[in-house]
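K.L.:
So that we are looking at the same thing, I have put the structure below in structure tokens.
The values are calculated or read from the model by the stated rules, or taken from the named source; none is laboratory data. This is a predicted model, so every value here is computed, not measured. A quick note on method: Cβ atoms are made from the backbone with ideal geometry, for glycine too, and the neighbour counts reach across all protein chains shown.
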Ligand code: SF4
Ligand code: SF4
């Protein structure tokens, strides 16, 4: 296993923001020239379907992974897991910075213990998910990747996954169709907006170029992602959603079965989940998009504790009704899909405090 390089995947921004493209390019190019990592570039992870070449490529990768993308690390991790790209959670210092800031704001509060049902069939390797919104400087990521590269090649922390046979389950497509991963020797070499050849101008051409998966055929998507480190399998989401998005697997575990049945822009079920396990990675509210803690999430929890006001639940009911009506169906209010304890709360008459909370929520603090 000596000499095996760390594998780094850069998940591109879904738009064509030139600043984001430049950051992606600089990281890819400098990693390539440094020669310390095997680099791949794939389209925006969240938008990839299970049978897209980009996802098949990810499934074909072995060993420890660093995945950089324009999403919160929780979102990256559980999008990958849902698609069979599994691994143990690797801790990046870049993510710890965010956590430490949250701790500083609430030094007396300990992080809640996670008692979720967890992921299944997790192979013995690490996946480091890093949010590219952490810092605008490529050097920040290069430094961290170098540190991780040194770390995983040290026997004390090496998990032994480099070069070892993968868990068969880790490469099975989630739709149970047998799919061949793309051959690693013949990767796609095109990427919209990226010109590696010009970036390499004046540099050694001996460096192996990154594998680049074309994203021209990728369309934007919107669907919930379950964080199984939090999910307790309570089934409140499947009861609440009236659009057939959720299902259960052969072990009666909740899963997002029909992703594309979800209604674009609607995050209703994330407000119903008692443990904040449902992530909508593209939602503008960090607590819904997968941020760990943070002011918005804490603020909402604090207000609910103080006043017992079920604002989030009321909003969920309203959002669901809006989508039902848009579908030509009848609004159901709180009459369907809510556990009794929540139904009681949802039917309480609104008061000034409810209006205040809705107003604050709308401000997206
Ligand atoms: S509501 Fe949340 S905790 Fe319950 S099954 Fe759904 S995702 Fe899991
Ligand atoms: S947001 Fe609405 S449509 Fe989408 S999964 Fe949740 S409840 Fe169902």
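K.L.:
Assuming residue 299 fulfils every condition listed in (1) modelled with pLDDT of 90 or more; (2) more than 16 Å from ligand 1 (Cβ to nearest atom); (3) part of a helix (DSSP H, G or I) apart from one, which condition is it?
P.N.:
Condition not satisfied by residue 299: (1).
K.L.:
Taking the range 231-262 only, how many residues are part of a loop (DSSP other than H, G, I, E, B) and under 16 Å from residue 279 (Cβ atoms)?
P.N.:
Residues that pass the stated criteria total 5.
K.L.:
Something else now. When the residues of the range 1-28 are narrowed to those that are in contact with a strand residue (DSSP E or B) (Cβ under 8 Å, 6 or more places away or on another chain) and part of a loop (DSSP other than H, G, I, E, B), which ends up farthest from residue 226 (Cα to Cα)?
P.N.:
By that ranking, first place goes to 5.
K.L.:
Go through the range 274-290 and give me each residue that's in a loop (DSSP other than H, G, I, E, B) and within 17 Å of the chain's Cα centre (by Cα).
P.N.:
275, 276, 277, 280, 281, 282, 283, 284, 285, 290
K.L.:
Given the criteria in the same structural domain as residue 284 (by TED's automatic domain parsing), within 13 Å of ligand 1 (Cβ to nearest atom) and over 17 Å from the mean Cα position of the chain (by Cα), does residue 231 qualify?
P.N.:
no
K.L.:
Modelled with pLDDT under 95, within 15 Å of ligand 1 (Cβ to nearest atom) and closer than 21 Å to residue 79 by Cα, is that true of residue 244?
P.N.:
Spelling it out, it is not the case that residue 244 is modelled with pLDDT under 95, within 15 Å of ligand 1 (Cβ to nearest atom) and closer than 21 Å to residue 79 by Cα.
K.L.:
OK, next. Give the residue, chosen from 275, 225, that is in contact (Cβ under 8 Å) with a residue 60 or more places away in the chain and either near ligand 2 (Cβ under 9 Å from one of its atoms) or surrounded by 22 or more Cβ atoms within 10 Å (Cβ to Cβ) (or both).
P.N.:
None of the others qualify; the one that does is 225.
K.L.:
Further question: Quick one: is residue 31 assigned to a loop (DSSP other than H, G, I, E, B), touching a strand residue (DSSP E or B) at 6+ places or on another chain (Cβ under 9 Å), surrounded by 24 or more Cβ atoms within 10 Å (Cβ to Cβ) and not assigned by TED's automatic domain parsing to the domain that holds residue 276?
P.N.:
no
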